[in-house]
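The values are calculated or read from the model by the stated rules, or taken from the named source; none is laboratory data. Everything quoted here is computed from the prediction, not taken from an experiment. Here the Cβ positions follow ideal geometry from the backbone for every residue, glycine too, while neighbour counts run over all protein chains shown.
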Amino acid sequence: MTSTEVLSMYENIAGLTNQMAAAARLGDFDGLSRLEAQCASEARATATGVPALSGAPRLRKIDLLKQILANDRAIRDVTEPWLNNVPGVTHQ
C-alpha cells in the first residue's frame, strides 16, 4: 500500500464518518447503519497493516484521524442517550 493509497483510505473513512455524524444528528438511523457498514468495510484494510508515513503525509494522516475521532464523538453524543432509553439495552 502506497502513501497515496493510505491517505485515500483515511480520506474515505473521514468522509464516511462525517456522513454518519450528519445522519445521526438527523435521526436517520437506517442511513447511519448503512454508512457504518461501508465504513467498517473500508476500515478492514487497516487490519492488514498500513505502512508508516513520514513528513507531510504523516501529518495529513494525523489530521484525518483527529477528524475521524471527532466524528465518532459526535455520533456517540447522539446515539448514546438514545441507546440508554431503549428497553433491554445495557450500555457501558
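Could you tell me whether VAL6 is touching a Lys or Arg at 6+ places or on another chain (Cβ under 9 Å), aliphatic (A, V, I, L, M), touching a residue at least 12 places away in the same chain (Cβ under 8 Å) and not in a helix (DSSP H, G or I)?
For VAL6, the condition - touching a Lys or Arg at 6+ places or on another chain (Cβ under 9 Å), aliphatic (A, V, I, L, M), touching a residue at least 12 places away in the same chain (Cβ under 8 Å) and not in a helix (DSSP H, G or I) - is not met.
Look at GLU36 and say whether it is modelled with pLDDT under 95 and not polar (S, T, N, Q).
no
Which residue out of ALA40, ALA45, ALA22, ALA14 is among the aliphatic types (A, V, I, L, M), closer than 16 Å to MET1 by Cβ and part of a helix (DSSP H, G or I)?
Among ALA40, ALA45, ALA22, ALA14, only ALA45 is among the aliphatic types (A, V, I, L, M), closer than 16 Å to MET1 by Cβ and part of a helix (DSSP H, G or I).
What is the one condition in (1) of a type outside the set (Val, Ile, Thr); (2) modelled with pLDDT under 90; (3) surrounded by 13 or more Cβ atoms within 10 Å (Cβ to Cβ) that ASN85 does not satisfy?
Checking ASN85 against (1) of a type outside the set (Val, Ile, Thr); (2) modelled with pLDDT under 90; (3) surrounded by 13 or more Cβ atoms within 10 Å (Cβ to Cβ), the one that fails is (3).
For region 27-59, enumerate the residues that are closer than 12 Å to ILE75 by Cβ, among the hydrophobic types (A, V, I, L, M, F, W, C) and surrounded by fewer than 16 Cβ atoms within 10 Å (Cβ to Cβ).
PHE29, the sole residue that qualifies.
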